[in-house]
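Written below as structure tokens is the structure these notes are about.
Just so it is clear, none of the values below were taken in a lab; they were calculated from the coordinates. Keep in mind the model is a prediction, meaning the values are calculated, not measured. Using ideal geometry, Cβ is built from the backbone for each residue, glycine included, and neighbour counts are taken over all protein chains shown.
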Amino acid sequence: MSETLNIGDTTITVADDEFANAFQTGYLRYKVDYLNKPLTDMDLYAFYVGTMTSVQHAGRYNAGYLTGWVAALLERKHVTATFPVLPCTQRCGGDGMSSTQRWTATTRKKQPTAAERRATAREQALLNCQQGKHTDTPTFRPGETVCMTCGLVVYCPVCLDVHRLSYPLAHAHPLTCSTHRYAEVQG
């Protein structure tokens, strides 16, 4: 009894669900343990060799696992994969979902809305401000910048003295600018 497994534009004929289950496991393993982590060529080599020579599972399982892991590594968005609908048994969880339904439920992510993306970007910008990484922009006064995220005013006391300008009163932080810092070191 052979079935077909469609992954992207490729159709793979499988004898049973061992390869498809291993593919799903490898795909999810990459998403959980390796997503957004830096990898070297030696990391990949060790992973490939370790997976294919593993004696914990059959060779076909190892091939499916590695294929799923690589598919997740190379995908840009959601992988288009369809699996044969297999009846649910006690070993697959007994929740009444077929393996295809379970696969779809565990791999599809809801795309964030524009408002959610803006909120996330704002939260990240505020975290950067807390770490001293402000998004400064110059103001109309020489020697003064303002953070576009948190509103902190950073000013150079030397610049303001040279131009005879008053110091900002609220939410301000004195910091000698690079020009005057360099002059102090040279002086």
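Need one number: nm distance between label points at L175 and E75, each 7 Å from Cα along Cα→Cβ, rounded to one decimal.
Rounded to a tenth, the inter-label distance reads 4.2 nm.
Each label point is 7 Å from the Cα along the Cα-to-Cβ direction; what then is the distance between the points at R164 and A125, in nm?
It works out to 3.7 nm between the two label points.
If you plug each phi of segment 136-145 into the Karplus form 6.51 cos²θ - 1.76 cosθ + 1.60 with θ = phi - 60°, what whole-Hz ³J(HN,Hα) values come out, in order, with x for Gly and Pro?
Each residue of segment 136-145 in turn: 6, 9, x, 9, 6, 9, x, x, 10, 10 Hz.
Tell me, what ³J(HN,Hα) does each residue in segment 49-54 have, in order and in whole Hz, if you take phi through Karplus 6.51 cos²θ - 1.76 cosθ + 1.60 with θ = phi - 60° and put x for Gly and Pro?
5, x, 5, 6, 9, 5
For S54 and M148, what does the FRET efficiency come to when R0 = 41 Å and r is the distance between their Cβ atoms, rounded to the nearest 0.05?
Result of the calculation: an efficiency of 0.20.
Shape verdict for segment 16-71, please, from the Cα gyration tensor: rounded (a/c under 1.5), prolate (a/b greater than b/c) or oblate.
Oblate is the answer for segment 16-71, as a/c is 1.5 or above yet b/c matches or exceeds a/b.
Count charges around T13 for me, please; just the other residues with Cβ under 14 Å from its Cβ, Lys/Arg as +1, Asp/Glu as -1.
Around T13, the charge tally is -3.
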